[in-house]
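Everything below concerns the one structure shown next.
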Amino acid sequence: MSDTVWSYRDTTWSQDSDLVGYDVEATDGSLGKIDEASNDAAGQWLVVDTGFWIFGKKRLIPAGAVTGVDHDGKNVIVNMTKDQIKSAPDYDKDDWNDDSRGRHTDYYTPYSSR
C-alpha cells in the first residue's frame with residue numbers, strides 16, 4: 001500500500017491536534033465536517049460527514065489528499081473537487097478491511113502526490 005496516500009504531507013498538521021469538527025474544503029467548495037480522524041502510524045485518514053449533498057454519506061479521505069490545515073480557522077483543505085469526493089468508494093466503518101482500504105488507496109493515489 002502506498003504510504004503517500006495514508007500520511008499527511010506535513011506531519012505537524014495532525015500533531016497534538018484533534019481534527020474532529022473541522023470543516024473540509026474541496027477545490028470547489030465545502031464538503032462537510034470531520035466526523036472521525038485517525039493518526040495511526042499505519043494509516044492516517046479523515047471521515048467527512050458530507051451532509052445532504054450526497055445524501056448524508058460519509059467519505060473516508062486518506063491524509064495524503066490533504067493539502068493544508070488551518071487550526072485557527074478549524075479548516076482542512078483537500079486537493080479534490082466535490083464530485084471527485086462524491087465518486088470515491090463508499091465508507092462503512094463496520095466493513096473497513098484490507099479490501100476496502102485497497103479500493104481507497106487505488107482511488108486516492110492520484111490525489112496524494114507530494
Requested in this report: List every residue pair whose Cβ atoms sit under 7 Å apart, with the two residues 6 or more apart in sequence or on different chains, where the first one lies in the stretch 96-107 and is closer than 14 Å to Val47 by Cα and modelled with pLDDT under 90 and the second, anywhere, is assigned to a helix (DSSP H, G or I) and of a type in the set (Asp, Glu).
Outcome: none
Report summary line: Every listed condition ((1) within 19 Å of Tyr8 (Cβ to Cβ); (2) in contact (Cβ under 8 Å) with a residue 24 or more places away in the chain; (3) surrounded by 13 or more Cβ atoms within 10 Å (Cβ to Cβ)) holds for Thr50 save (1)
Query raised in the report: In the stretch 44-98, how many residues are more than 22 Å from Asp18 (Cβ to Cβ) and not hydrophobic (A, V, I, L, M, F, W, C)?
Result: 16
Requested in this report: Give the residues of the stretch 48-107 that are among the hydrophobic types (A, V, I, L, M, F, W, C), within 16 Å of Ala37 (Cα to Cα) and not in a strand (DSSP E or B), sorted by residue number.
Outcome: Ala63, Ala65, Trp96
Query - Condition met for Ala42 (modelled with pLDDT under 90, of a type in the set (A, V, I, L, M) and within 17 Å of Asp10 (Cα to Cα)) - result: yes
Requested in this report: Output the residues belonging to the stretch 8-47 that are touching a helix residue (DSSP H, G or I) at 6+ places or on another chain (Cβ under 6 Å) and not in a strand (DSSP E or B).
Outcome: Tyr8, Asp28
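The values are calculated or read from the model by the stated rules, or taken from the named source; none is laboratory data. Note that the structure is a prediction, hence the values are computed from the model and not measured. No Cβ is skipped: glycine too gets one built from the backbone with ideal geometry, and neighbour counts run over all protein chains shown.
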